[in-house]
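A.B. asks: Before I ask anything, here is the structure I am working with.
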Amino acid sequence: MPGTLPDGVPVPPDGRLEPGALDELDATPFGIYVHVPFCATRCGYCDFNTYTAAELGGGGSRDRYAGLAIAEIRLARRVLGAAAPAVSTVFFGGGTPTLLPPCDLAAIVGAIGSEFGLAPDAEVTTEANPESVDQRSLALLREAGFTRISLGMQSAMPGVLKVLDRTHTPGRPVQCVGWARSAGFGHVSLDLIYGTPGESADDWERSVRSAIGAGPDHVSAYALIVEDGTRLAARVRRGELAPPDDDMMADRYLAADDLLAAAGFGWYEISNWASGPDSACRHNLLYWTGGNWWGVGPGAHSHVGGSRWWNVRHPAAYAARITAGLSPGQAKEVLTAAERSTERIMLKTRLASGCPVSALGPAGRRAAKRAVADGLAEPGPLGAGRVVLTRPGRLLADAVIRGLTD
Ligand SMILES: C[S@@+](CC[C@H](N)C(=O)[O-])C[C@H]1O[C@@H](n2cnc3c(N)ncnc32)[C@H](O)[C@@H]1O
Ligand code: SF4
């Protein structure tokens, strides 16, 4: 959830989209994202749209959340009408979706199924903080139709977890992977963070090895971002903690890529590795390949046919809108064809499948040639018609993408 948003224009009270937005709904996979904005405690590095019980005060309680989300799913059905295909991916993110009882998450999945229909091979993921699930809740989630779980591990080293304000023990995420596997989850992912102040190269290597050893089929490794307004940023500003250094971050990324590749995991997006093509996160691929999705919940973003909107951020404001029978959309923007094409280039270039050269303008094609000459890109296994980042290119992805979008 980005902290700053474009101004946008108002969303109509009934959430209706402009004519034409529904035309391409059938042509691409359709997903639903459910944002659950609650956490037991706030990690010092995190600026996601999430609230502890103390931060919420009286407004927008957890108990009412499932009912409100289901009301928004019904609104989505009314807005999209007969044009909406069966849902191919569902992703519960947060926050900590698993702070809600499994029966609430099951009710929301049930409502998506009854309103839209779930495709027979639908991927249904929830993120989970390792503290918020146990053997029993994971079994209930599997029974409710979840097919994939993504656990926030971050590190295996106690000192690093402490700097990140993580409350779980180093062994807990590993134990959760075992519980998820015995509950029947075919897809289990672990999130790791590198570059935490004080984390040594050896700490990072041990974390990656521990993640691999737990037996997931997917790993995400994120560079720590020091977000403005977080406790981490205040500690860095006061000089208590050193800011992450670019060269060190590049070394950590390459170390992760080496260890994961040696264990049979291939990168399919710059920060994501999977043990095979069936283990890639299809919901995230839908975002990265220009698909359509409806985002349910406070602060959730949606995209349907070039129309993009975002919901009011605070759970109390969200509850007030839904209860009054109004769209929770705060504002929206309609992307021009040129904006959509730039976005496509930005997202596809981050994928191992690369960006088609045919998507680039004349300046972008010249930049692609330069990137190939500089060893930052290559034609890729799918042939000369695509630009695929090399390993050095992945480290300099932002600069390469700037050139391609010219
Ligand atoms: C919504 S959380 C995952 C589920 C759960 N809330 C948890 O933290 O265990 C999504 C992921 O974003 C990553 N993340 C959050 N803030 C970050 C930051 N400032 N820098 C890098 N990664 C971050 C973490 O790896 C985290 O697991
Ligand atoms: S538990 Fe996850 S969403 Fe919640 S504050 Fe920590 S990183 Fe952010």
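A.B. asks: Taking square-rooted eigenvalues a ≥ b ≥ c of the alpha carbon gyration tensor, is the stretch 161-277 rounded, prolate or oblate, where a/c under 1.5 means rounded and, failing that, a/b exceeding b/c means prolate?
C.D. replies: Values: a/c = 2.24, a/b = 1.55, b/c = 1.45.
It comes out prolate by the Cα gyration axes.
A.B. asks: What percent do you get for the relative contact order of the chain when only Cα pairs under 8 Å and 6+ apart count?
C.D. replies: 18
A.B. asks: While we're looking at this one, here's another question. Quick one: check the C-alpha center-to-center distance for the stretch 103-122 versus the stretch 275-296, whole angstrom.
C.D. replies: Between the Cα centres of the stretch 103-122 and the stretch 275-296 lies a distance of 17 Å.
A.B. asks: Just to check, using Stokes-Einstein with a Kirkwood Rh over alpha carbon pairs, what's the diffusion coefficient of the stretch 80-205 at 20 °C and 1.002 mPa s in µm²/s?
C.D. replies: So the translational diffusion coefficient is about 137 µm²/s.
A.B. asks: Then there is this: Considering only protein heavy atoms, what per residue accessible area in square angstrom results for the stretch 19-119 with a 1.4 angstrom probe?
C.D. replies: Dividing the accessible area of the stretch 19-119 by its residue count gives 36 Å².
A.B. asks: At a Förster radius of 56 Å, what calculated FRET efficiency corresponds to the Cβ-Cβ distance of ALA53 and LYS369, to the nearest 0.05?
C.D. replies: 0.50
A.B. asks: Once the Cα gyration tensor of the stretch 270-364 is found, what semi-axes does its equivalent ellipsoid get, as square roots of 5 times the eigenvalues, in whole Å, sorted largest first? Mind showing how you got there, number by number?
C.D. replies: Details: eigenvalues 188, 70, 16 Å².
For the stretch 270-364, the ellipsoid semi-axes come out as 31, 19, 9 Å.
A.B. asks: What is the extension gain from ALA338 to ALA82, computed as 0.36 nm multiplied by their sequence separation minus the C-alpha to C-alpha distance, in nm to one decimal?
C.D. replies: Going from the current span to full extension adds 89.3 nm.
A.B. asks: How big is the chain in terms of Cα radius of gyration and Dmax, in angstroms?
C.D. replies: Cα radius of gyration and Dmax of the chain are 21.0, 59 Å respectively.
A.B. asks: Now for a different question. Quick check on the chain: helices-only [θ] at 222 nm, where DSSP H runs of length 4 and up contribute -39,500 (n - 2.57) each and the sum goes over total residues. Nearest 500, please.
C.D. replies: Only helices count here, giving -11000 deg cm²/dmol.
A.B. asks: For a quick check, take a GNM of the chain with Cα springs below 10 Å and name the residue from ASN284, ASN292, ASN49 with the largest mean-square fluctuation.
C.D. replies: Result for the chain, Cα springs under 10 Å: ASN284 fluctuates most.
A.B. asks: Here is a further query. For ASP63 and LEU326 in the same chain, what is the full-extension length gain: residue separation times 0.36 nm, less their Cα-Cα distance, in nm?
C.D. replies: 92.6 nm
A.B. asks: Which lysines does LYS348 reach when only Cα atoms under 18 Å apart count, and residues fewer than 8 places away in its own chain are ignored?
C.D. replies: Excluding near neighbours in sequence, the set is LYS369.
A.B. asks: Continuing with this model, one more query. Run the numbers for ARG231 and GLU205: contour at 0.36 nm per residue of separation, minus the present Cα-Cα distance, in nm. Don't skip to the end; give the middle numbers.
C.D. replies: Details: separation 26, 0.36 × 26 = 9.36 nm, distance 2.61 nm.
Fully extending the segment from ARG231 to GLU205 adds 6.7 nm.
A.B. asks: If you average the alpha carbon positions of the stretch 209-257 and of the stretch 26-92, how far apart do those two centres end up, in angstrom?
C.D. replies: 27
A.B. asks: Accessible area per residue, 1.4 Å probe, Å², for the stretch 277-406: what's the number?
C.D. replies: Heavy-atom accessible area per residue stands at 43 Å².
A.B. asks: In whole percent, and with a 1.4 Å probe on the protein chains, what portion of the accessible area of the chain is carbon and sulfur?
C.D. replies: Working: 9280 of 16920 Å².
Carbon and sulfur together cover 55 percent of it.
The values are calculated or read from the model by the stated rules, or taken from the named source; none is laboratory data. All of these numbers come straight from a predicted model, not from anything done at the bench. Positions of Cβ are backbone-derived with ideal geometry, glycine not excepted, and every protein chain shown enters the neighbour counts. For accessibility, only protein heavy atoms count, side chains too; no ligands or nucleic acids. Shrake-Rupley method; radii C 1.70, N 1.55, O 1.52, S 1.80 Å.
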